[in-house]
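Shown next, in structure tokens, is the structure this report addresses.
What follows draws every value from the coordinates through simple rules; no lab data is involved. What you are looking at is a predicted structure, and each value in this text was computed from that prediction instead of being measured. So basically every Cβ, Gly included, is an ideal-geometry build from the backbone, and we count neighbours across all protein chains shown.
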Amino acid sequence: MVLSKADPEALFFDEMERKGLAKITWVDDVSCEGLGKMLVEALNESLKEATDGRVQVIRVRVYEEEKDWSDAFISTEADFVE
């Protein structure tokens, strides 16, 4: 599960993870924009190591529903979210 660090039920979910009932990734921003940026950063970190920097993700699209999404990009200047 991907949950906000500010989730009001954080203690409950911590207990679930401690008991082995869930694997939780805690994030600062669970919005489409925040998750897209997190994915670009995480994938690029893994790909850089695995491919000696030859491969990188330049765009991730995260859908909230069919007509609602956010694109996260990486540019030569800096990461940004559209």
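Placing unit charges on the Cβ atoms of the charged side chains and taking the dipole of the chain about its Cα centre, the candidate lying farthest along the positive direction among 30, 50, 70 is 50. Take every Cα pair under 8 Å whose residues are at least 6 apart in sequence, average their separation, divide by the length of the chain, and the relative contact order is 24 percent.
With N counted as the residues of the chain, its alpha-carbon radius of gyration over 2.2 N^0.38 Å works out to 1.29.
Placing R0 at 41 angstrom, the Cβ-Cβ distance between residue 12 and residue 56 gives a FRET efficiency of 0.65 after rounding to 0.05. Listed by chain and number, the lysines whose C-alpha is less than 20 Å from the C-alpha of residue 23, apart from same-chain residues fewer than 8 away, are 5.
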